[in-house]
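Trainee: Below you'll find the structure I mean.
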Amino acid sequence: MKLQTIDKVLYRKRLNIVLITSIAVLLIISLGVSNILIALFGSGVDGDNFWWNVAGVVAGAFVIAGLLKLVATKPFMAEINYVRSLKREMNRIYRSSKKLNIALEANDKNALIISYFNLQASKQVYQLDNNTLTMDELDEKIRLLDEKIDTLELSISVYDYYPGLIKLLDDSEEN
């Protein structure tokens, strides 16, 4: 996983189109299917049609999932897929954070690379998602990590990261 330069305006525009379209399709399919099921099998005006409504929502969710799967490989989805993959990778790193923090205390180079990538990826995602509330805290973490890397006289960049480093970190903890 490598960090890429993403056009924020284009990303937000495409994400909004996908979200609004998904909501509209979900609403139309859910209501349509629910109404058809209630008309065919419902228990009247005062009857309990909860499960028919649930079936409509489930049908809508399946349609949305199918449509998203169809368009997932289209160029229109490139930025959205990249951010989704980046968030997935950050989640993998987060799940190893206990081992990562122990390795960071021991000045493990792989841990420093993972942490550096994670902080830079977080900064990119925060900027793309307009999450400015915690940006100062994140910038401080980046500054502290940069100081630690300089103190250890290492040269680390986001390009040093690859997903296998997490497995190496996990394997070194087991030994």
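Trainee: If the reach is capped at under 15 angstrom between alpha carbons, list the aspartates and glutamates near Lys167, excluding any in the same chain fewer than eight residues apart.
Mentor: Glu89, Asp108
Trainee: Given (i) 1.05; (ii) 1.45; (iii) 1.29 as candidate values of Cα Rg over 2.2 N^0.38 Å, which corresponds to the one derived from the coordinates?
Mentor: Computed from these coordinates, Cα Rg over 2.2 N^0.38 Å corresponds to label (ii).
Trainee: I would also like to ask the following. Expressed as a whole percentage, what fraction of the accessible surface of the chain belongs to carbon and sulfur atoms when a 1.4 Å probe is rolled over the protein heavy atoms? It would help to have the intermediate numbers written out before the result.
Mentor: Values: 6850 of 11270 Å².
After summing per-atom areas, the C and S share lands at 61 percent.
Trainee: How much accessible area does Asp48 have with a 1.4 Å probe, in Å² rounded to the nearest 10?
Mentor: Counting only protein heavy atoms, Asp48 exposes about 120 Å² to solvent.
Trainee: Follow-up. How large is the charge dipole for region 51-132, taken about the Cα centre, if only the Cβ atoms of Lys, Arg (+1) and Asp, Glu (-1) carry charge, to the nearest 20 debye?
Mentor: 180 debye
Trainee: Just add up the charged neighbours of Tyr82: K/R +1, D/E -1, any other residue whose Cβ is under 12 Å from the Cβ of Tyr82.
Mentor: +2
Trainee: Determine the sum of side-chain charges near Thr134: Lys and Arg each +1, Asp and Glu each -1, restricted to other residues whose C-beta is under 12 angstrom from that of Thr134.
Mentor: Values: positive: Lys123, Lys141; negative: Asp129, Asp136, Glu137, Asp139, Glu140.
Taking every other residue near Thr134 into account, the sum is -3.
Trainee: So which of Lys8/Lys141; Lys87/Lys148; Lys2/Lys87 end up more than 19 Å apart, counting from Cα to Cα?
Mentor: Lys8/Lys141; Lys87/Lys148
Trainee: Excluding Gly164 itself, what net charge comes from residues whose Cβ is under 13 Å from its Cβ, given Lys and Arg +1 and Asp and Glu -1? Numbers along the way, then the final one.
Mentor: Values: positive: Arg92, Lys167; negative: Glu89, Asp160, Asp170, Asp171.
That sum, taken over residues with Cβ under 13 Å, equals -2.
Trainee: Please give the charge dipole size of the chain, origin at the Cα centre, charges +1 on K and R Cβ atoms and -1 on D and E Cβ atoms. Round to the nearest 20 debye.
Mentor: 740 debye
Trainee: Oh, and also: What helices does the chain have that are whole DSSP H segments, at least 30 Å long along their own axis by Cα, and with mean Kyte-Doolittle hydropathy of 1.0 or more?
Mentor: On the way: long enough: 8-41 (48 Å, 1.66); 50-71 (32 Å, 1.79).
Correct list, ordered by number: 8-41, 50-71.
Trainee: What order do you get for 113-119, 152-158 when each peptide is scored by the mean count of other beta carbon atoms within 10 Å, highest first?
Mentor: Result, highest mean Cβ count within 10 Å first: 113-119, 152-158.
Trainee: Moving to a separate point now. Just want the answer: with Cβ charges of +1 for Lys and Arg and -1 for Asp and Glu, which residue in Thr5, Val57, Pro75 is farthest toward the dipole's positive end in region 5-90?
Mentor: My answer, from the dipole projection, is Thr5.
The values are calculated or read from the model by the stated rules, or taken from the named source; none is laboratory data. Quick caveat, the model's predicted, so the values are computed rather than measured. Here Cβ is always computed from backbone atoms with ideal geometry, including for glycine, and neighbour counts include all displayed protein chains. Only protein heavy atoms, including side chains, enter the accessible area calculation; ligands, DNA and RNA are left aside. Shrake-Rupley method; radii C 1.70, N 1.55, O 1.52, S 1.80 Å.
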